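Each reported figure results from applying straightforward, stated rules to the coordinates on display, with no laboratory input. As the structure is a prediction and not an experimental result, all values here were calculated from the model. As a convention, Cβ positions derive from the backbone with ideal geometry for all residues, glycine included, and neighbour counts pool all protein chains shown.
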Amino acid sequence: MSHEGRVSGARLNRTVERTVERYYALRDYYVELLMEDGYPPFTAPLGPEEQYRRLVEWKLTGDPRFTRSVAAQDALAALERVLGPAPAVMPPVGM
């Protein structure tokens with residue numbers, strides 16, 4: 001016969017699990033709402049020239065936001081077709 005009190009460990013564990021599940025569900029819901037336009041609130045999307053400059057800068061400096069992101073590399077390739085090729089990445093001095 002299992003008897004569960006008002007402040008039993010099992011009951012508190014279930015409450016914590018439900019609370020955490022609800023938190024993550026609400027967080028995901030609000031992030032989805034805030035990103036509905038495709039960019040975060042209180043910002044403005046970059047124009048094509050600004051995107052191009054930023055991606056070229058990331059490429060030339062070896063920024064992980066470019067080197068580890070296929071989407072960033074694809075975006076630069078698409079912009080290069082419109083705005084021209086990006087400068088070549090130069091090897092470090094002495095190589």
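Does the stretch 24-73 classify as rounded, prolate or oblate by the C-alpha gyration tensor (a ≥ b ≥ c root eigenvalues; a/c under 1.5 gives rounded; else a/b over b/c gives prolate, otherwise oblate)?
It is oblate, given that a/c is not under 1.5 and a/b is not larger than b/c.
Peptides 65-77, 8-20, ordered by how many other C-beta atoms sit within 10 Å of their residues on average, highest first, read 65-77, 8-20.
Hey, fewest Cβ within 10 Å first, where do Asp28, Asp63 land in order? Display every interim value, and only then the final one.
On the way: Asp28 10, Asp63 15.
Ranking Asp28, Asp63 by Cβ neighbours within 10 Å, fewest first, gives Asp28, Asp63.
Among [x] 76, 38, 20; [y] 56, 30, 27; [z] 46, 25, 15, which is the computed Cα extents along the principal axes in Å? The calculated read-out lines up with [x]. For the stretch 46-86, the residue among Tyr52, Phe66, Ala86 whose Cα projects farthest onto the positive side of the dipole built from Cβ charges is Phe66. Highest mean packing comes first when the peptides 33-39, 56-62 are listed by Cβ atoms within 10 Å, giving 56-62, 33-39.
At 0.36 nm per residue, minus the direct Cα-Cα distance, what do Glu50 and Leu33 gain on full extension? Give it in nm, one decimal, please.
Working: separation 17, 0.36 × 17 = 6.12 nm, distance 2.57 nm.
Net length gain for the segment: 3.6 nm.
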